[in-house]
Amino acid sequence: MGTELHSVVSPPWSQSTEGFRLSQLRANLDAYTEGQTISMADDPFTKPKSTFMARTAPVVHEVWDIRSRDPKPGIRVLGCFAETDTFVALVWDYREALGGPNSKEWRDLIERCKAEWRNLFITYPPHQGSNINDYVSANVLPV
């Protein structure tokens, strides 16, 4: 299980494979915050492998994941949108620790994400939308 997100996305990173993976994760998060074009998938089960951000199942929970895929194995960062263009990254883990999309490990990470949201935003549910542009208004490629 990953540690707290803020502790892994701030340099310096060790001169190791793990340090390189974490620095790449930071670069992926920076791509989103800098407004670079990202690909997003609304369907948790049907998406290209290279998709940057995707919903998790079940979609009614409004949990999304940023998929840091390079180097392999990747890292997943889960969070929710507070409003359009405002993604709150809450939890993370190494992809190899999560198993398949219906695994207990994935469900546990999604539940941790939901719990973190409730701890931070007690009375505010995650933002909901009917299409990708309800979440990200510009520089997005729906896939």
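Residues that are among the small types (Gly, Ala, Ser), in contact with an Asp or Glu (Cβ under 7 Å, 6 or more places away or on another chain) and loosely packed, with under 15 Cβ neighbours inside 10 Å: does region 109-117 have at least one?
So the first thing to find is which residues in region 109-117 are among the small types (Gly, Ala, Ser), and the list is 115.
Next, from what is left, pick out any that are in contact with an Asp or Glu (Cβ under 7 Å, 6 or more places away or on another chain): none.
No, region 109-117 contains no residue that is among the small types (Gly, Ala, Ser), in contact with an Asp or Glu (Cβ under 7 Å, 6 or more places away or on another chain) and loosely packed, with under 15 Cβ neighbours inside 10 Å.
Limited to region 58-83, what total is found for residues that are loosely packed, with under 14 Cβ neighbours inside 10 Å and more than 16 Å from residue 25 (Cβ to Cβ)?
Count: 4.
Which residue, of 50, 39, is within 22 Å of residue 100 (Cα to Cα), surrounded by fewer than 16 Cβ atoms within 10 Å (Cβ to Cβ) and under 14 Å from the mean Cα position of the chain (by Cα)?
50
Considering each residue of region 127-143, count those that are surrounded by 12 or more Cβ atoms within 10 Å (Cβ to Cβ) and in contact with a Gly (Cβ under 9 Å, 6 or more places away or on another chain), and give that number.
Of the residues in region 127-143, 2 are surrounded by 12 or more Cβ atoms within 10 Å (Cβ to Cβ) and in contact with a Gly (Cβ under 9 Å, 6 or more places away or on another chain).
In this structure, does residue 104 turn out to be surrounded by 15 or more Cβ atoms within 10 Å (Cβ to Cβ) and either of a type in the set (Lys, Arg) or more than 17 Å from residue 68 (Cβ to Cβ) (or both)?
In short, no.
Output the qualifying pairs, or none if there are none: Cβ atoms under 8 angstrom, residues six or more apart or on different chains, first residue in region 30-42 and more than 19 Å from residue 59 (Cβ to Cβ), second residue part of a strand (DSSP E or B) and of a type in the set (A, V, I, L, M).
31/38; 32/38; 32/53; 32/66; 37/140; 37/141
Residues are listed down the side, and each one gets a yes or a no for (1) among the hydroxyl-bearing types (Ser, Thr, Tyr); (2) closer than 25 Å to residue 11 by Cα:
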| site | (1), (2) |
| --- | --- |
| 25 | no, yes |
| 28 | no, yes |
| 31 | no, yes |
| 34 | no, yes |
| 39 | yes, no |
| 55 | no, no |
| 65 | no, yes |
| 83 | no, no |
| 86 | yes, yes |
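Please find, among 20, 87, the residue that is surrounded by 12 or more Cβ atoms within 10 Å (Cβ to Cβ), touching a strand residue (DSSP E or B) at 6+ places or on another chain (Cβ under 7 Å), aromatic (Phe, Trp, Tyr) and without any contact (Cβ under 8 Å) to a residue 60 or more places away in the chain.
87 is the lone residue from the list that is surrounded by 12 or more Cβ atoms within 10 Å (Cβ to Cβ), touching a strand residue (DSSP E or B) at 6+ places or on another chain (Cβ under 7 Å), aromatic (Phe, Trp, Tyr) and without any contact (Cβ under 8 Å) to a residue 60 or more places away in the chain.
Each reported figure results from applying straightforward, stated rules to the coordinates on display, with no laboratory input. Note that the structure is a prediction, hence the values are computed from the model and not measured. Here Cβ is always computed from backbone atoms with ideal geometry, including for glycine, and neighbour counts include all displayed protein chains.
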